[in-house]
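Chemist: Next up is a structure, given as structure tokens.
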Amino acid sequence: VLIKGIKNYEGITEKNFEIVYYDEMITVLFNQAPLSEGWYSEDVTVAADGCTISDSLDGSYEDTYTVTGEGVHTLSLHFKTAEGYITDACGYTVKIDKASPAADSLQISGITDTAASVSIAASDTGSGVSRYYLHCTTEERKDITAEEIKESENTFKLGAEDAVSGTAVFQLDSLSEGTTYYLYAAAEDISGKFSE
């Protein structure tokens, strides 16, 4: 740095100093554990051992940083050490899915003696619906869980890529005339949660 006199002051003073690059390892924890590639089912609190955190270089640095809201969050965080060193921006991706998907409706159409078309509409505010399940049986069951529906050999499955606008359509063929069929539907989201 050069300090130069102006107006009534003359001369130049030179001062050399070193800018130290901070390259020490910082341990960053997400809900007190290393960052998960999976989905969190709650808000995520970010903490760094011996550092404060901010989402902008000149922002307010706090002991923790909390990520809320469902969906995929792309973070750019700065860490400040106790000595005052500030890191470059560090990028992280945090995925939060708090709610289970909702199977909104089940409709039957195109009924003949041996076939029917069944539509299941489902939605999910977090990670999104990944799979639709339709359980078809001649045995009446009043209580059945979504996990049981998924695991049953009498269950039809469709991925979200085969659904149009959140509605999966199943074609039931080879039905027996005069037989009563019971249908149960469920949806699964990308994070692995099931609808009721």
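The values are calculated or read from the model by the stated rules, or taken from the named source; none is laboratory data. Just so it is clear, the model here is predicted, and its values are computed rather than measured. All Cβ positions, even for glycine, are placed from backbone atoms using ideal geometry, and neighbour counts span all protein chains on display. The protein model used for the area step is the full one, side chains on, heavy atoms only, and it has no ligands, DNA or RNA in it. Shrake-Rupley method; radii C 1.70, N 1.55, O 1.52, S 1.80 Å.
Chemist: Failed condition for D88, given (1) out of contact with any His (no Cβ under 9 Å at 6 or more places or on another chain); (2) of a type in the set (D, E, K, R); (3) more than 21 Å from Y40 (Cα to Cα), with all others met?
Modeler: Among (1) out of contact with any His (no Cβ under 9 Å at 6 or more places or on another chain); (2) of a type in the set (D, E, K, R); (3) more than 21 Å from Y40 (Cα to Cα), the lone unmet condition for D88 is (1).
Chemist: Could you list all residues from region 141-156 that are open to solvent by less than 40 Å² (accessible area, probe 1.4 Å) and either assigned to a helix (DSSP H, G or I) or aromatic (F, W, Y) (or both)?
Modeler: Of everything in region 141-156, those that are open to solvent by less than 40 Å² (accessible area, probe 1.4 Å) and either assigned to a helix (DSSP H, G or I) or aromatic (F, W, Y) (or both) turn out to be A146, I149.
Chemist: Need the failing condition index for D113 against (1) free of Cβ contacts under 8 Å to residues at least 60 places away in the same chain; (2) farther than 30 Å from Y65 by Cβ; (3) assigned to a loop (DSSP other than H, G, I, E, B); (4) open to solvent by 70 Å² or more (accessible area, probe 1.4 Å), just the number.
Modeler: If we test D113 against (1) free of Cβ contacts under 8 Å to residues at least 60 places away in the same chain; (2) farther than 30 Å from Y65 by Cβ; (3) assigned to a loop (DSSP other than H, G, I, E, B); (4) open to solvent by 70 Å² or more (accessible area, probe 1.4 Å), just (1) comes out false.
Chemist: Scanning region 176-196 for residues that are within 16 Å of S100 (Cβ to Cβ), open to solvent by 40 Å² or more (accessible area, probe 1.4 Å) and of a type in the set (D, E, K, R), which turns out modelled with the highest pLDDT?
Modeler: Once the filter is applied, the top-ranked residue is K193.
Chemist: Of the residues that sit in region 157-175 and are in a loop (DSSP other than H, G, I, E, B) and not hydrophobic (A, V, I, L, M, F, W, C), which one is surrounded by the most Cβ atoms within 10 Å (Cβ to Cβ)?
Modeler: Kept after step one, since they are in a loop (DSSP other than H, G, I, E, B), are these residues of region 157-175: 163, 165-166, 173-175.
Those left that are additionally not hydrophobic (A, V, I, L, M, F, W, C): 165-166, 173-174.
Numbers: S165: 5, G166: 17, D173: 8, S174: 6.
Among those residues, the one meeting the criterion is G166.
Chemist: Of the numbered conditions (1) open to solvent by less than 70 Å² (accessible area, probe 1.4 Å); (2) farther than 30 Å from L57 by Cα, T138 fails exactly one; give the number of that condition.
Modeler: Exception for T138: condition (1).
Chemist: I'm trying to understand the selection: among the residues of region 1-23, which are surrounded by 10 or more Cβ atoms within 10 Å (Cβ to Cβ) and touching a residue at least 40 places away in the same chain (Cβ under 8 Å)? It would help to see each step written out before you state the result.
Modeler: Of region 1-23, the ones surrounded by 10 or more Cβ atoms within 10 Å (Cβ to Cβ) are 3-5, 22.
The answer is Y22, and nothing else.
Chemist: Something else about it: Out of G128, G166, I need the residue that is at positive phi and modelled with pLDDT of 90 or more. Which one?
Modeler: Result of the check over G128, G166: G128.
Chemist: Among the residues of region 45-62, is any within 25 Å of G192 (Cβ to Cβ), open to solvent by 40 Å² or more (accessible area, probe 1.4 Å) and in a strand (DSSP E or B)? Can you show your working first?
Modeler: Of the residues in region 45-62, the ones within 25 Å of G192 (Cβ to Cβ) are 45-46.
Applying the additional criterion that residues be open to solvent by 40 Å² or more (accessible area, probe 1.4 Å) yields 45.
Add one more test, that the residue is in a strand (DSSP E or B), and what stays is 45.
Yes; the residues of region 45-62 include at least one that is within 25 Å of G192 (Cβ to Cβ), open to solvent by 40 Å² or more (accessible area, probe 1.4 Å) and in a strand (DSSP E or B).
Chemist: Which residue pairs have Cβ atoms under 8 Å apart, sit 6 or more places apart or on different chains, and have a first residue in region 176-194 that is in a loop (DSSP other than H, G, I, E, B) and a second that is among the hydrophobic types (A, V, I, L, M, F, W, C)?
Modeler: Going by the 8 Å Cβ cut-off, the qualifying pairs are Y181/C136; Y181/L172; Y181/L175; I190/W39; I190/V129; S191/W39; G192/W39; K193/A99.
Chemist: I'd like to know if region 119-133 contains one or more residues that are surrounded by 16 or more Cβ atoms within 10 Å (Cβ to Cβ) and assigned to a helix (DSSP H, G or I).
Modeler: no
Chemist: For region 74-110, what are the residues that are on the phi < 0 side of the Ramachandran plot, open to solvent by 50 Å² or more (accessible area, probe 1.4 Å) and not in a strand (DSSP E or B)?
Modeler: A82, E83, Y85, D88, A89, K98, S100
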